[in-house]
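Following: one structure in structure tokens, then a few remarks.
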Amino acid sequence: MKSKRGYRFILLLSCLILCVSTACSSKAIADGSVESYATIHGKLDVPVRATWVWDTTQIRSNPQEVLNYATANKINTIYLQLNRDIKIPEYKSFIRQARAKNIAVDVMDGRSAWGLTESREQIASFLDWIEAYQAQALSNEKFAGIHLDIEPHVHPQWKINQASVITQWQGNVEYIVERASRMKMPVAADLPFWLDNYKIPGSTMAVSSWMIRKFDSITIMAYRDTAAAIYSVAKDELAEAALLGKTISIAVETKQSKEGDFITFYEEGSAYMETQLKLVEKMASVHTSFNGFSVHEYTSWKTLKK
């Protein structure tokens, strides 16, 4: 009698454990697991293949068009500019749909003035919005990371007092990285390939070296239209990032450029671009820091000739 009662107890306990386990698994699948962030964000075996979406209204008007294009072009990361006119539920819906297609969405913003201390309040507001959003979003609705496009070298102050701008930029980067760390979010930044020509004031360290050390990853704007030229301008940063255990995504341009035809793939088209990127990948893969490509940007890429 005791053995039968004991058997029934064990059977009941096993069923209970199975039910709890199934419920937890179902919730993890519904919400999106922590591991899936790493996988789709290029932290494991999948290199980044990203694009910038500057016109955020497209996630309201044409979300499926954006995601279908991403899927067709093997894009696994979208840098989505923050637009406060877009409602919270619209961000959540888009990210849910993107995550279902194994596409990570980074919240992106920045302007040249963010290199100045006087813009700290704007930066704080940007980070406050992210923190509030992440706190109320389910796992599969959260932004995967923060992506910055600051570029203070285009600000008028850069020509007037470059050393001061670099120092102020450093201060803002320190602030952003600290806030991002508290939110447990990776933070990346766009940097021009020639930034290693400039030094940190009072130091022999290149500005690019300092930035690589501070950010979790860098998107190096290697805006050239041949594989050899792209790799040539990115290789030093790739080598340095490898020594520091950081990752680099190589960015290329598809918009028409006033700086010259050699800057962009606008003239050559998408087929030629893909051929060149494959060649770059072969060269860049010798660096452990190499983590794929970022194509600037969605609208111009979509209209690029075949």
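Since every read-out is calculated from the coordinates, none of them should be taken as a lab result. Remember, predicted model here, so these are calculated numbers, not experimental data. Cβ: placed from backbone, ideal geometry, glycine included. Neighbour counts: every protein chain shown.
Residue-by-condition table, conditions (1) surrounded by 21 or more Cβ atoms within 10 Å (Cβ to Cβ); (2) under 18 Å from the mean Cα position of the chain (by Cα):
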site: 60; (1), (2): no, no
site: 71; (1), (2): no, yes
site: 79; (1), (2): yes, yes
site: 86; (1), (2): no, no
site: 131; (1), (2): no, yes
site: 135; (1), (2): no, no
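Looking only at region 63-121, which residues are among the aliphatic types (A, V, I, L, M), touching a strand residue (DSSP E or B) at 6+ places or on another chain (Cβ under 7 Å) and either closer than 30 Å to residue 178 by Cβ or not in a helix (DSSP H, G or I) (or both)?
Result: 75, 78, 80, 82, 95, 98, 103, 104, 105, 107, 108.
Select from region 194-213 the residues that are of a type in the set (A, V, I, L, M) and within 20 Å of residue 238 (Cβ to Cβ) and list them in ascending order.
Residues satisfying the conditions are 195, 205, 206, 207, 211, 212.
Which condition does residue 205 not pass, out of (1) closer than 30 Å to residue 283 by Cβ; (2) surrounded by 21 or more Cβ atoms within 10 Å (Cβ to Cβ), if it passes all the others?
Going through (1) closer than 30 Å to residue 283 by Cβ; (2) surrounded by 21 or more Cβ atoms within 10 Å (Cβ to Cβ) one by one, residue 205 breaks only (2).
Scan region 139-152 and give yes if some residue there is more than 30 Å from residue 90 (Cβ to Cβ) and part of a helix (DSSP H, G or I), otherwise no.
yes
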